[in-house]
Amino acid sequence: MPLSLASLSGLPVPVRRPDYDRTAVTPGIVHLGIGAFHRAHQAAYVDALLKDDPSWGIVGASLRSPDTADALNPQDGLYTLAVREDERTEMQVIGSILEVIVAPTALERLLSVMADPRVRIVTLTVTEKGYCHDPATGRLDETHAGIRADLANPTAPTTAPGILVEALARRFAAGVAPFTVLSCDNLPANGRTVKRIVTRFAELRDPALGRHVASAVAFPCAMVDRIVPATTDADRATVTAALGTEDAWPVMTEPFTQWVVEDNFPTGRPKLETVGVEMVADVEPFELMKLRMLNGSHSTLAYLGYLAGYETVADVMADPAFAALVTDLMTEEVMPTVDVPGIDLGAYRDALVRRFRNRGLKHRTWQIAMDGSQKLPQRLLGTIRARRAAGASIDRLALGVAAWMAYVRGIDEKGQPIDVRDPLSGRLRLIADAAGTDADALASGLLAVTDVFGTDLPADPTFRSAVTAALTRLLEAGSAATVAAAARIPQR
Ligand code: CS2
């Protein structure tokens with residue numbers, strides 16, 4: 001028997017389940033990009049507040065694949081959240097998702113729910129590339145094929161900016177107040193970035209609509225944090241066995257969770273502060289801390305770790321040289337660029353190291369390595385800019401960038417192909433093929449990709465030489481030996 005409202009009461013006692021009447025929950029939020037991260041993060045916070053206010057149910061949408069809808073709709077939107085720390089697992093059935101809509105096949109249904117006055121917030125986790133922007137400048141990429149198609153045919157959009165603007169246009173035409181747009185992706189100043197992108201798209205569609213979006217729609221910033229590896233078939237089997245009921249798509253995560261949100265919701269919001277969300281006036285210091293400390297370390301561990309043959313982050317962290325490198329990276333080169341009032345950065349770093357070591361999570365280095373061209377600017381390059389402006393060392397940060405360069409060559413250290421997933425993979429591959437094993441040529445070719453590096457960093461000789469030197473060592477000695485040597489870089 002599959003998991004559903006009907007099978008909830010038969011679940012084993014330790015499995016927590018919704019403490020509210022699901023039939024009384026109505027839609028208040030539409031979420032675009034209903035992947036594992038959303039289901040382990042926002043959907044869990046909302047689940048905790050529905051008992052007090054059932055008007056904030058979530059209607060989820062997939063912008064491409066029908067897989068999540070196919071798994072969750074037959075389960076009445078229910079799924080298991082399995083929280084793991086090393087050998088311990090706790091399970092909870094989440095009920096906040098009412099329905100999943102597949103945008104490509106049910107666009108009208110999605111747009112009509114987004115235009116429903118009961119919906120006051122649209123949240124997004126569409127990944128970095130889903131914003132169709134230029135990662136180096138944070139502006140709408142007006143040459144993007146999806147954006148061009150949506151501008152040519154704006155009432156049948158396929159991209160996130162196109163869908164948001166069409167829904168806002170419908171509300172505007174109907175005299176319904178706009179929804180608030182809340183990005184939950186790891187972009188710097190995500191609210192402001194999304195506002196810039198969506199406003200530009202609206203303006204290109206129609207100047208009056210552009211003015212409306214610019215003046216009437218709120219785009220609060222948010223910092224989101226929870227580590228959520230992709231669910232595997234083994235995870236499905238474990239959860240189904242524990243439940244005694246089949247769950248087609250459980251989500252696995254860690255105990256830690258954090259959500260810091262700018263309190264700017266003119267058309268209303270749930271009482272997020274009652275379920276552990278930090279509502280603040282300025283999210284930016286939190287975002288910088290999280291992107292630079294957590295995600296910068298993650299990407300560094302992912303590229304170096306993958307090249308060294310490690311499958312998961314916990315495997316990489318079990319190697320003392322890698323653990324030392326990433327700890328020193330944070331202490332020496334990242335922490336001096338971050339300052340969050342009231343936060344002890346040393347304790348934050350130590351907690352990150354513990355989280356990365358969690359053996360209960362099978363977080364693949366390959367998964368984190370994905371879409372590096374979209375991630376590097378906010379994870380490593382912003383930190384490098386801050387360090388260079390202060391005249392400070394960047395050796396470990398440059399090693400992370402060099403590891404990305406070695407990775408996107410598409411050949412691992414045993415000569416096997418790497419499945420490089422990146423919107424720029426074609427271009428990156430051409431550059432790598434032309435350079436071969438010549439580190440100078442490879443670094444020069446990749447540094448010329450201004451969408452990633454901008455124009456300032458390639459013109460900085462100190463940055464160029466640090467990256468080129470690290471890449472030379474990686475290509476000559478391999479990742480493990482390079483990391484072992486780097487772990488001995490003197491502290492400053
Ligand atoms: C990871 C993030 O896949 C990645 O690139 O670095 O998804 C990371 O796990 C989350 O941001 C943690 O909050």
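Here, each number is a calculation from the coordinates, and none is a lab measurement. Bear in mind the structure is a predicted one, so any value in this text is a computation, not a measurement. For neighbour counting, all protein chains shown are included, and Cβ atoms are generated from backbone atoms with ideal geometry for every residue, glycine included.
Data for the structure
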read-out	value
Sole residue being of a type in the set (Lys, Arg) and assigned to a helix (DSSP H, G or I), chosen from 421, 427	427
Failed item, numbered, when residue 238 is tested on (1) in contact (Cβ under 8 Å) with a residue 12 or more places away in the chain; (2) more than 30 Å from residue 6 (Cα to Cα)	(2)
Members of the range 236-256 found to be within 16 Å of the ligand (Cβ to nearest atom) and outside any loop (DSSP other than H, G, I, E, B), listed by number	251, 252, 253
Scan of the range 260-278 for residues that are surrounded by 21 or more Cβ atoms within 10 Å (Cβ to Cβ) and in contact with a Phe, Trp or Tyr (Cβ under 7 Å, 6 or more places away or on another chain), ordered by number	260, 270, 277
Per-region count, the range 182-202, residues surrounded by fewer than 23 Cβ atoms within 10 Å (Cβ to Cβ), farther than 16 Å from residue 377 by Cα and touching a strand residue (DSSP E or B) at 6+ places or on another chain (Cβ under 8 Å)	4
Members of the range 346-389 found to be in contact with a strand residue (DSSP E or B) (Cβ under 9 Å, 6 or more places away or on another chain) and more than 14 Å from the ligand (Cβ to nearest atom), listed by number	359, 360
